[in-house]
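The values are calculated or read from the model by the stated rules, or taken from the named source; none is laboratory data. Treat the numbers as computed from the prediction; the structure is a model and nothing was measured. Here the Cβ positions follow ideal geometry from the backbone for every residue, glycine too, while neighbour counts run over all protein chains shown. Accessible surface is based on the protein model in full, side chains and every heavy atom, while ligands, DNA and RNA are left aside. Shrake-Rupley method; radii C 1.70, N 1.55, O 1.52, S 1.80 Å.
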Amino acid sequence: MELWMYAGSQHLYGPGPLKQVAEHAAEIARGLDGAPAIPHKVVFKSVLTTAEEITSAVQEINGSSECVGVVLWMHTFSPAKMWIAGLSRLQRPILHFHTQYGRDIPWDSIDMDFMNLNQTAHGGREFGYMMTRMGIPRKVVVGHWKSEQAHQRIGAWARAAAAHASMQGARIARFGDNMRNVAVTEGDKVSAEMTFGYSVNGYGVGDLVERFDAASDADIDRLVKQYLDAYTVADELKPGGAAHDSLRYAARQEIGLRSFLEDGDFVAFTDTFENLHGFEQLPGLAVQRLMADGYGFGAEGDWKTSALLRAMKVMAEGLPGGTSFMEDYTYHFEPGRERVLGSHMLEICPTIASGKPSLEIHPLGIGGKADPVRLVFDSPAGPALNASVIDLGGRYRLLVNEVEAVTPDAPLPNLPVARTVWVPAPNLEVAAAAWIYAGGAHHTGFSQQVTTEMLEDYATMAGIELTVIDKGTDLRRFRQELALSDMYWASR
Ligand code: MN
């Protein structure tokens, strides 16, 4: 994946200054390319000085499979009417980098030639006017090109651009339908494909059962050995243990699911405990391990969360920490120490585990199948967030709540599932009310890696609403924002 950078200018200045513009722009692109906070290659392409050059650059961008986003910098003044034709055709996310070559004004030597060459300050305004006038979504980053802060902001956008690009044409498999009568996990798969780029299709659980049956004893042996090496395995699951056959069946499920997803080029999937015909147990361990390998997942047929989780995992690539499917489960209402215990029946991703997960088997009260095998663990303290995409009928809202994960007050010896505990910002009382007013789902993508800024950029690229609950959230103002937002999106 590459980010392509162009500098805007014009022929007013003559060939000398244009040569300097090109040299400066190439140096800036190299600087961004080498910045650790920017995960993708940054390539300087050219200085654009006419409408024809801009239009032909846009054709090259649109035809490229490498270019996931375009960085535009107005080194000098670039009369913006010549950008209209190109910008109206551009099909990649835009970052308008409002920077200049030199950090400081050279107070002693500055003259008119210097000022004419270093005109970002007003050249960027002319360009910004055009994009605002045309209603073009973009990110504006202001700052010197060597500043760490600018790199962080460009890096967040680059991660969102990678996720956005990776979701175009992405395939999501559903095994079984939506959990019966549940509302928030429903949605319009056609409008989702038009908005986010991914397609969601259903497959019979019988097709999966065939894959389970096809798993060979040798492959199961190999996978079970991996489990024994990677996890603290309960005695009953070990070879010779009373429930060892259940572990072997879980391995069979992982092999079958993985082969189905790989052969079909799927990046995310859903299942539901209401459609398990032919399954001996609900897949727990298999889902957890597939999530850890980067697959999106949503339980109870929740394809919107599955897709969001996949996009978040692409954004998070290479960052420390983890990202998991999550559900707000239970509250702790002790005054002054209010917090949330998040978990699911089984399917929490071990990338958020603190320490070595424990591989266990316990009964599951629903689904009517045999006891499922699952990884049990706690998750570390630190900043994180929960994100949810909901379908409001004709449009989508991406809702984000920043949280601080905390260690549980005590061990949870009787809780047979992976879990994490967090304090939502600004506090549980405001955060949960705001989430509910916004219509946020019970399912989320929980991440120690993805930031609100990445999700903000992703929402901009998809052309959907972003609603954030953070330390600055005031409930009365938040409700007004929701009301105004409804009016704004109704007019789109
Ligand atoms: Mn659920």
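Worth pointing out:
- Check on Val468, farther than 20 Å from Gly298 by Cα and surrounded by 21 or more Cβ atoms within 10 Å (Cβ to Cβ): yes
- Segment 1-27, subset part of a loop (DSSP other than H, G, I, E, B) and open to solvent by less than 60 Å² (accessible area, probe 1.4 Å), residue farthest from Trp157 (Cα to Cα): Gly14
- Selected residue (only one of Pro363, Pro383 is surrounded by fewer than 17 Cβ atoms within 10 Å (Cβ to Cβ) and assigned to a loop (DSSP other than H, G, I, E, B)): Pro363
- Residue, most open to solvent (accessible area, probe 1.4 Å), within segment 51-70, restricted to residues that are in contact with a helix residue (DSSP H, G or I) (Cβ under 6 Å, 6 or more places away or on another chain) and of a type outside the set (A, V, I, L, M): Thr55
- Filtering Ala250, Ala234 for residues that are under 31 Å from the mean Cα position of the chain (by Cα) and touching a residue at least 60 places away in the same chain (Cβ under 8 Å) leaves a single hit, Ala250.
- Among all residues of segment 434-451, there is at least one that is aromatic (Phe, Trp, Tyr) and within 16 Å of the ligand (Cβ to nearest atom).
- Candidates in segment 282-305 are the residues that are within 16 Å of the ligand (Cβ to nearest atom) and among the aliphatic types (A, V, I, L, M); of these, the one that is nearest to the chain's Cα centre (by Cα) is Met291.
- Given (1) open to solvent by less than 10 Å² (accessible area, probe 1.4 Å); (2) more than 26 Å from Pro15 (Cβ to Cβ); (3) among the hydroxyl-bearing types (Ser, Thr, Tyr), number of the condition Thr99 does not satisfy: (2)
- Number of the exception - Val373 against (1) closer than 28 Å to Trp435 by Cα; (2) more than 16 Å from the ligand (Cβ to nearest atom); (3) of a type in the set (Val, Ile, Thr); (4) touching a Leu at 6+ places or on another chain (Cβ under 6 Å): (1)
- Considering segment 415-427, the residues that are of a type in the set (A, V, I, L, M) and open to solvent by 10 Å² or more (accessible area, probe 1.4 Å) include one that is nearest to the ligand (Cβ to nearest atom), namely Val417.
- Taken over segment 308-345, the criterion of being more than 16 Å from the ligand (Cβ to nearest atom) and closer than 12 Å to Ser388 by Cβ is satisfied by Met312 alone.
- Residue tally, condition more than 15 Å from Ser78 (Cα to Cα) and under 30 Å from the mean Cα position of the chain (by Cα), over segment 1-25: 5
- Within segment 442-477, the set of residues being in a strand (DSSP E or B) and not polar (S, T, N, Q) comprises His443, Gly445, Phe446, Glu465, Leu466, Val468, Ile469.
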